[in-house]
Amino acid sequence: AQKVTQAQTEISVVEKEDVTLDCVYETRDTTYYLFWYKQPPSGELVFLIRRNSFDEQNEISGRYSWNFQKSTSSFNFTITASQVVDSAVYFCALSEAEAGGTSYGKLTFGQGTILTVHP
Amino acid sequence: DSGVTQTPKHLITATGQRVTLRCSPRSGDLSVYWYQQSLDQGLQFLIQYYNGEERAKGNILERFSAQQFPDLHSELNLSSLELGDSALYFCASSVGEESRPDQPQHFGDGTRLSIL
């Protein structure tokens, strides 16, 4: 069975600090997809990024960057120069890709990390 | 705006009652997913429909059922409600002719269900 673990329940930083959110996953599939979602205080879930299991190239998008390491089954998310508006719950999620399986397409979420950025 | 519409935004009802949550997917999306978010269980997958047919089931209670209609909107029916069913229910949809796990699911704003 697939599993996603976000060991950090809550993180508190001061504005302009860099912060890294950890995500470790378990899956028996060789092909899978990893996602990060953001849930601001207003409650909606916002898609941030997707990464394929066969593409370990790290990615930077503005102040966001993602570090995918298959060898350690980790997909960490870093926010550089954090801002108050980054305060939210961040979820890491896993989707398996084996066609015909009962879990095809569904997302397995971690428990989420509550990030609070203080001014 | 994700393009996924969920109604109602809030629902307050009593134990033993039945409610229906509605979801309209993004234009062009054929797959609809339902998730439940509660404090003790986190975000849990309930059920998935693709083009009108049930595709996958998660930890969905027998008291819960769903369907997807020909116009692709979906409804989640919750019956014999219990206090523990109080949660935020999300609908998500994904793009493509067939549900593909690499396609991001875009979520609606959720329906907050409170059981009194």
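Readers should treat all values here as calculations from the given coordinates under stated rules, not as data from a laboratory. Worth saying up front: this structure is predicted, and the values here are computed from it rather than measured. Reconstructed Cβ throughout: ideal geometry from the backbone, glycine too, with neighbour counts over all protein chains shown.
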Count neighbours as other Cβ atoms within 10 Å of each site's Cβ, and list the GluC sites (Glu not before Pro) in segment B:1-95 that are DSSP loop with at most 10 such neighbours.
B:Glu62
Spatial separation of Cα centroids for segment A:15-71 and segment B:31-103, in angstrom:
23 Å
About the Cα centre of chain A, what is the dipole size in debye to 20, counting +1 per Lys and Arg Cβ and -1 per Asp and Glu Cβ, all else neutral?
160 debye
Here D for the protein assembly as shown, in µm²/s, from Stokes-Einstein with a Kirkwood Rh over Cα pairs at 37 °C and 0.692 mPa s, works out to 180 µm²/s
Averaged over B:101-114, how many beta carbons belonging to a partner chain fall within 10 Å of each residue's beta carbon?
5
Mean per-residue count of partner chain Cβ within 10 Å for B:34-43 equals 3
Taking the C-alpha atoms of segment B:20-116, convex hull volume expressed per residue in Å³
93 Å³
If contacts are Cα pairs under 8 angstrom and at least 6 residues apart, what is the relative contact order of chain B in percent?
37 percent
Relative contact order of segment A:37-119, pairs being alpha-carbon contacts under 8 Å that are 6 or more residues apart, as %
26 percent
Neighbourhood net charge (15 Å Cβ-Cβ; Lys/Arg +1, Asp/Glu -1) for A:Lys16
-3
What spacing in nm lies between the two simple spin-label points modelled at A:Thr80 and A:Glu26, each 7 Å away from Cα in the Cβ direction?
3.5 nm
At what distance in nm do the modelled label points of A:Glu15 and A:Ile114 sit from each other, each positioned 7 Å from its Cα along Cα→Cβ?
2.2 nm
Within segment B:69-84, backbone nitrogen closer than 11 Å to the virtual label 7 Å beyond the Cα of B:Ser38 toward Cβ
B:82-84
Which value, in Å³ per residue, describes the convex hull spanned by the Cα atoms of segment A:1-104?
108 Å³
